[in-house]
Amino acid sequence: MQAADRAFILGLPKAELHLHIEGSLEPEMMFALARRNQVTLPYDSVEAIRAAYQFTDLQSFLDLYYAGAAVLQTEQDFYDLTRAYIDRAIADNVLHAEIFFDPQTHTARGIAITTVFAGIARALREARDQQGFSSRMILCFLRHLSEDDAMSTLESALPLREDYADLWNGVGLDSSELGNPPEKFAHVFTIAQAMGLHIVAHAGEEGPPAYIWGALDELGAERIDHGVRAEEDPALMERLIKEQIPLTVCPLSNLKLCVVKDLRQHNLKRMLDAGVCVTINADDPSYFGGYVNDNFIACAEAMPLTRSDLLQLAANSFRASFVDDSQRDAWLQTLRDYAQQHGVNAGF
C-alpha cells in the first residue's frame with residue numbers, strides 16, 4: 001500500500017460499532033491487572049499469552065477470552081481497560097464508538113454489575129468531556145447461557161438506567177453462536193425493546209443465514225453484528241439492501257477465527273458493491289491482531305478497496321450509529337469535507 005493511501009485511512013473520520021471492551025485487553029495489561037489483583041494466570045509471560053492466540057474457531061477464542069477476563073475485578077480495572085481502548089480509537093480517528101460489554105462474564109465471578117458499569121462509564125465520560133469522544137454502551141447477553149440468566153442480568157441493570165442514560169442505550173447478543181439461535185432469547189429482547197433500548201445481535205458469523213432472519217424477526221435487531229453468511233441467502237440479501245439493515249463486519253476477526261482463509265476471499269467488498277450497509281470494525285482487537293484502522297488497511301490491501309469505497313464504509317458507520325439525526329448529519333458533513341480535501345467524490 002502506498003504511503004498516501006495509508007495516510008488517507010489513518011485520517012478517515014469513522015465510527016466503530018462492534019467492539020467488545022473485554023476483547024481489547026492487551027496481554028501487557030492482563031499481566032499488570034493480574035499482579036494488581038493477585039490473580040494467577042495459566043501463562044508465565046506476555047509472549048506465552050500471544051502464542052496462545054492461534055484459534056481454530058469461535059469457541060477456542062472464547063475459552064481464552066473468558067480466562068483473561070478474570071483479571072478484571074475493580075472499577076479501576078474497567079476504567080483502565082476502557083481508557084486504553086479510547087486512546088487507541090482516538091489515534092485511529094474514531095469519532096464515536098458503541099461499546100459492547102458482557103456483565104455475565106463478571107457477575108458469574110462475584111463482580112457486581114455496578115462495578116462494571118461504573119468503570120466503563122467513568123472512562124467514556126472523561127473522554128467525552130476532555131476530548132469530545134462520543135460513545136454509547138451496549139449490554140450484551142451471553143447466548144451460551146439461559147434466557148433466564150439474561151433476564152436476571154437485564155433486571156439487575158434496570159436500576160442503573162437513569163444513572164447511565166447518557167451512555168447505555170442498547171442490548172445485544174454475543175458468545176457461542178452455533179446451537180444457540182436468536183429465538184432462544186425472544187422474550188428478554190421483547191422486554192428490552194419495549195423499554196426503548198436499541199437491539200443488536202451477533203448472527204451469521206459461524207451460524208447460518210437463518211440466524212440472521214431470527215435476529216431480525218424474533219429479536220427485532222436493528223443491526224446485525226457480523227452477518228457475513230447473509231450472502232448465502234439471496235432473499236436475505238435483498239432484504240438487507242432494501243431495508244438498509246447495517247452489518248458490523250469484522251474482517252481480521254473473520255480471518256483469525258477461520259471464517260475465511262484469506263482476506264482476499266472475504267465478501268465485504270462484494271456486499272458493499274451490492275448495496276449492503278456494511279461497516280468495518282475490530283471486534284476483539286487484542287486477540288485478533290488489529291484495531292479498526294488495522295482492519296481498514298488490511299481490507300484495502302487485500303480486496304482491494306478504493307478511496308470511494310473507504311468513504312462509503314465510513315459513511316455507513318455513522319449512518320448505522322445510535323445517535324440523533326443532527327449528530328449523524330454533522331459527522332457525515334465532516335466526512336464530506338475530508339473527501340473534498342482529498343479530491344474524492346463522496347457519493348453519499
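Quick note: the coordinates plus some simple rules give every number you see, no bench work behind them. These figures come from a predicted structure and were not determined experimentally. Because the Cβ atoms are built from the backbone with ideal geometry, glycine has one as well, and the counts that use them run over all protein chains shown.
Miscellaneous remarks
- For the stretch 1-151, the alpha-carbon coordinates run over 46, 34, 31 Å along the three principal axes, in decreasing order.
- Prolate/oblate/rounded call for the stretch 191-348, Cα gyration tensor, a/c under 1.5 rounded: oblate
- The stretch between residue 336 and residue 10, if pulled fully straight at 0.36 nm per residue, gains 115.8 nm over its current Cα-Cα span.
- Reducing the stretch 186-228 and the stretch 123-141 to their Cα centroids gives an inter-centroid distance of 23 Å.
- From the coordinates shown, Cα extents along the principal axes in Å corresponds to which of [x] 81, 45, 37; [y] 57, 46, 42; [z] 53, 41, 41: [z]
- Here the convex hull built on the C-alpha positions of the stretch 123-266 has a volume of 135 cubic angstrom per residue.
- Length gained on full extension, residue 36 to residue 324: 99.7 nm, using 0.36 nm per residue less the C-alpha separation.
- Rounded, prolate or oblate (a/c below 1.5 giving rounded, otherwise prolate when a/b exceeds b/c) for the stretch 281-331 by Cα gyration tensor: oblate
- Taking every lysine pair in the chain that is 8 or more places apart or spans two chains, those with Cα atoms closer than 30 Å amount to 10.
- A viscosity of 0.890 mPa s and a temperature of 25 °C, combined with the Kirkwood radius over Cα pairs in Stokes-Einstein, give a translational diffusion coefficient for the stretch 174-256 of 192 µm²/s.
- Of the peptides 104-113, 33-42, the order by per-residue mean of other Cβ atoms within 10 Å, starting with the highest, comes out as 104-113, 33-42.
- The calculated FRET efficiency for the pair residue 156 and residue 63, based on their C-beta separation and a Förster distance of 22 Å, comes to about 0.30.
- Listed peptides 318-330, 44-56, 197-209 by packing density, highest first (mean Cβ within 10 Å): 197-209, 318-330, 44-56
- Short-range pairs are left out: with C-alpha atoms under 8 Å and at least six residues apart, the relative contact order of the chain is 19 percent.
- Value of [θ]222 nm, deg cm²/dmol, for the chain, DSSP H segments ≥ 4, -39500 (n - 2.57) each, nearest 500: -15000 deg cm²/dmol
- A protection proxy built from the mean count of other Cβ atoms within 10 Å ranks the segments 282-293, 297-308, most packed first, as 282-293, 297-308.
- Model label points for residue 306 and residue 114, set 7 angstrom from Cα along the Cα-to-Cβ axis, are 5.6 nm apart.
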